[in-house]
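Heads up, the thing below is written out as structure tokens.
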Amino acid sequence: MLSKQNILPSEAILERYGTRLAGKTIFITGVSKDSIAGELALQLSSVNPALLILSARSESRVQPIVEKIKARNPNVATRFLKMDLGDLKDIHRAVHSLDDVPKIDHIAAVAGIMMPPYGTTADGVESQFGVNYLANFLLVKLLLPKVEAAGPHSSIIIVASSAVRSGIINFDDIGYSDGKTYDTLAAYGQSNVARVMFVKRLAQKLSAKRIRVYSIDPGAVQSGLQRHVTPEMGTFIEQSYASGQALRDVDGKEYKMPPWTSSSEGAATIITGMIDPTIETSNGSFLHNNAVADEELHSHVVTQSNWVRLWGLSENLIGGKFTI
Ligand SMILES: NC(=O)c1ccc[n+]([C@@H]2O[C@H](COP(=O)([O-])OP(=O)(O)OC[C@H]3O[C@@H](n4cnc5c(N)ncnc54)[C@H](OP(=O)(O)O)[C@@H]3O)[C@@H](O)[C@H]2O)c1
């Protein structure tokens, strides 16, 4: 393992461990031309997976990536999966449409939104919590039998963010009083805390099955994600970069704004989570810059009673138990 964090391109991780992905079926959400997931799909196509299941709300988002994959490695099969993560019913429908796929070796849940104006999913859940987190809770529940069928060393990777450092779960009011107290950044932080806590609890529950489970911070990548950043927020971000001034997490611990990196570097830590054999003893960890980075998590995130509480809350919101 890289015991120390290193920003590396995806190619470097694939060169070391990429043969482990040959012949595998890999499921990726959030695929589009400019997204980290789009880059991830393209990178993975070079190591001969059997099938890439590429999910998005519309096929036109995925098509440019499919064309690049075909040009790079025509032997790789791709399959488009239409799925709106802001609609639990649509997630059920999409997963049912995969009934003919017997196993999935790796899930990379990458799709997400950042700091949109207040809104709710089709199910009435605040949209960042719903799309970034709750959708993954249901998706993993529904796809888990296929990952189990793939056996040990299969993986479930949930992309999160450094925003985990500034967030907590507002357990008594995850919807910010129907938007009345909504703060875009706090809600993005909340959704990322949920992603990381979910992985912690999932890893505990899956410990006997040797399925790899990690949350990851891909680092800062210019992508479609910044579409809701207001000019004021943009100025704050630029000033933070320029001054080099430290930010503070929920516990008051200092941290730096992450440097801008390429999309290949953004996808790399996802690949580390999928296949780096040396991190298997740290299952359930938060990864950053291709290394275990649990020391970056604040006290609210690492409190186990919060993981349990979130699991119960999520079961209520999806309207069913997720028993492992
Ligand atoms: N970029 C960064 O600096 C950064 C840093 C830390 C963490 N992250 C995390 O990395 C992930 C990927 O971000 P990115 O930079 O690749 O952003 P992006 O370019 O905006 O890609 C996000 C993808 O998610 C999809 N998506 C959004 N809402 C969806 C929904 N309701 N149903 C299905 N798909 C939906 C988008 O589809 P449409 O094109 O249809 O909207 C898009 O393809 C996010 O989860 C984000 O939180 C990113």
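In the range 64-95, which residues are within 12 Å of the ligand (Cβ to nearest atom) and either out of contact with any Leu (no Cβ under 9 Å at 6 or more places or on another chain) or of a type in the set (Ser, Thr, Tyr) (or both)? The answer is 64, 82, 84, 86, 87, 90.
Could you identify the single residue in 172, 105 that is more than 16 Å from the ligand (Cβ to nearest atom) and without any contact (Cβ under 8 Å) to a residue 24 or more places away in the chain? Matching residue, one of 172, 105: 172. Residues that are near the ligand (Cβ under 10 Å from one of its atoms) and surrounded by 11 or more Cβ atoms within 10 Å (Cβ to Cβ) within the range 221-247 comprise 221, 222, 223, 224, 225, 226, 228, listed in sequence order. Would you be able to say whether some residue in the range 188-209 is within 19 Å of residue 272 (Cβ to Cβ) and surrounded by fewer than 17 Cβ atoms within 10 Å (Cβ to Cβ)? Scanning the range 188-209, I find no residue that is within 19 Å of residue 272 (Cβ to Cβ) and surrounded by fewer than 17 Cβ atoms within 10 Å (Cβ to Cβ), so the answer is no. Taking every residue in the range 235-259 that is within 14 Å of residue 220 (Cα to Cα) and pairing it with any residue that is part of a helix (DSSP H, G or I) and modelled with pLDDT under 85, at least 6 positions away or on another chain, the pairs with Cβ-Cβ distances below 7 Å are 257/240; 257/241. Within the range 153-171, the residues that satisfy the criterion of being closer than 19 Å to residue 125 by Cβ and surrounded by fewer than 20 Cβ atoms within 10 Å (Cβ to Cβ) are 168, 170, 171.
With 50, 37 as the choices, which residue is touching a Ser or Thr at 6+ places or on another chain (Cβ under 9 Å), within 13 Å of the ligand (Cβ to nearest atom) and among the aliphatic types (A, V, I, L, M)? Just one listed residue meets the conditions, 37. Could you list all residues from the range 177-187 that are β-branched (Val, Ile, Thr) and surrounded by fewer than 17 Cβ atoms within 10 Å (Cβ to Cβ)? The answer is 181, and nothing else. Checking each residue in the range 108-119 for being more than 13 Å from residue 136 (Cβ to Cβ), within 12 Å of the ligand (Cβ to nearest atom) and either surrounded by fewer than 16 Cβ atoms within 10 Å (Cβ to Cβ) or not hydrophobic (A, V, I, L, M, F, W, C) (or both) picks out 116, 119.
Taken together, the residues in the range 283-306 that are buried (at least 16 other Cβ atoms within 10 Å of the Cβ), assigned to a helix (DSSP H, G or I) and among the polar types (S, T, N, Q) amount to 1. Scanning the range 150-169 for residues that are over 19 Å from residue 283 (Cα atoms), away from the ligand (no atom under 15 Å from the Cβ) and out of contact with any Leu (no Cβ under 8 Å at 6 or more places or on another chain) turns up just one, 168.
Going by what's in this entry, would residue 309 be described as of a type in the set (Lys, Arg), surrounded by fewer than 17 Cβ atoms within 10 Å (Cβ to Cβ) and at pLDDT 95 or above? So residue 309 fits the description; yes.
The values are calculated or read from the model by the stated rules, or taken from the named source; none is laboratory data. The shown structure was predicted, so the numbers you read here are calculated from the model rather than taken from an experiment. Every residue, glycine as well, gets a Cβ built from its backbone with ideal geometry; the counts of neighbours run over all protein chains shown.
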